[in-house]
Structures are given as C-alpha cells and as structure tokens.
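Structure, as structure tokens:
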Amino acid sequence: MASIRKKQLSIRSKFVQFRGKIRREFQANKVPHGEKRSSAFPYFLSIYPAIFVFLQQNKNKTKMKAVVSIIMGSTSDLPIMEKAAKLLDEFEIPFEINALSAHRTPKEVEEFATNAQKNGIKVIIAAAGMAAHLPGVIAAMTTVPVIGVPINATLDGMDALLAIVQMPPGIPVATVGINAAQNAGILAVQMLAVGDPELQAKLANYKEGLKQKIVKANADLKEVKFKFKVN
Ligand code: RP5
C-alpha cells in the first residue's frame, strides 16, 4: 500500500513538474512579456495531448502492486540483492525494495511484517549480514514465507548464514547460500508459480536455458586436449 502511494506521489510530482515546464514554454514562446493571453484555447491544445501521453506512459506503474518484498539490512547489501531484483524483473513479477534493520529500525520491521500479508505481499526476501536477525524477526511476525539471504559482510558470511538458517522450531526461514540473491529470486518465483501454469511454463523455460550452458561447456571441454584424455 505504502509503495503504491509512494509511486502515485512520485508520478504526481513528475506530472506537476511536467505541467509547469509546458506552461513555462508556452508563456515564453507564445505570449509576449506583459501581454495578456487573448485566448486559453491554444494553451489547452498544447497541454491535453501531453497529459494523455504522460498518463498512458505511467498507467502500468500505478496499477502494479508488489507481490514480492525485498528487504535488506542496509544499502550496502544492494550490490548483492540487485541479482534478486533482476531475476524478478526477468519474470515480470512486481516487487518492492526497502531497507529495514532488526537492530536499527525494529519498530518499522514490526510494522512491515505485521502488515505484509494485508498489503498483498506473497513472498518476502530478506537479506542481512553480520548478526543477521532480520529474516528471522520478520518470519516471527508473519505467515508470509520468508526467504533469507545471508550477506558476506564479515567472517566470509558464515555469521549471517548461521544466524539466518538456525531458526528455532516453528519459525522457518528458507535460507539460500551466502550472497545467493539470484537463487532467492528463483525460489520466490517458484513459490508464486504454485497453481500458476503460466509462471510454471516460464520457469521451465528458464531451467531449459540453464541446461544450454552445460551443453556449451561440454562442447568446449571436447576441445581441451590431454595426452590420456579419451573423449
Ligand atoms: C547488516 O549489517 C546489514 O545487512 C549489512 O550487511 C551489515 C553492515 O551494514 P552497514 O554498516 O553497511 O550499514 O545489518
């Protein structure tokens, strides 16, 4: 809800800037300084097609509602988490990205987690490094499945991996490998694809693409020569 409101506000402010620009251009070019505009007609002629084009361009953005929420402990996690975002983009899944911290913004984490389901979020991808409590804390407050991404911030990411994966019975976090944000994205799509044949077909196609990488690897390996290599 908050993200849609944010998008609407940003589109509105872009529109206001755009309308101001058109007005200024019209006044600069068509109305000599100090003269009164004789008719409003040309002004409306110039602005309404522009409004129409603007609204058309932004129509899809306002309609989309996030079904996946990517949460990270800090923007320093973004270079890793971009891989999850890229994957969701590829599958045309509407998502949101926000920074929240179990330690620095505990109240906001609670607000997010307790409202996630109501806000239409179907899967949460939560990433954190160091003492990575964020995914587990979110999982404690929602029935929306949480995928945890341990970030390698210190100790090669082992601290975050153990903090995320070792959840007490009753509060699972589906933990992927250290920095494995792409896998988190794929897992999120797989969860969404349950009962969605169209998305399942897209996933099957994606996995078929992965097979091609190994087909090419074998072709390349054929060219590698060793005295005792027999294939
Ligand atoms: C965690 O601490 C974050 O998820 C990040 O991986 C790590 C370091 O955070 P910054 O100090 O870069 O904000 O909470």
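Yes or no: Ile125 more than 11 Å from the ligand (Cβ to nearest atom), under 14 Å from Ile80 (Cβ atoms) and touching a residue at least 60 places away in the same chain (Cβ under 8 Å)? Answer is yes for this residue.
Determine, yes or no, whether Ile70 is surrounded by 15 or more Cβ atoms within 10 Å (Cβ to Cβ), within 16 Å of the ligand (Cβ to nearest atom), at pLDDT 95 or above and not aromatic (Phe, Trp, Tyr). Judged against the criteria, Ile70 is a match. Across region 219-231, the number of residues qualifying as surrounded by 10 or more Cβ atoms within 10 Å (Cβ to Cβ) and under 36 Å from the mean Cα position of the chain (by Cα) comes to 0. Screening the candidates Ala50, Ala66, Ala84 for the property of being farther than 21 Å from Met130 by Cβ and within 12 Å of the chain's Cα centre (by Cα) yields one hit, Ala66. Looking only at residues of region 137-169 that are crowded, with 24+ Cβ neighbours inside 10 Å and of a type in the set (Gly, Ala, Ser), we find that the one that is nearest to the ligand (Cβ to nearest atom) is Ala160.
The values are calculated or read from the model by the stated rules, or taken from the named source; none is laboratory data. Note that the structure is a prediction, hence the values are computed from the model and not measured. Because the Cβ atoms are built from the backbone with ideal geometry, glycine has one as well, and the counts that use them run over all protein chains shown.
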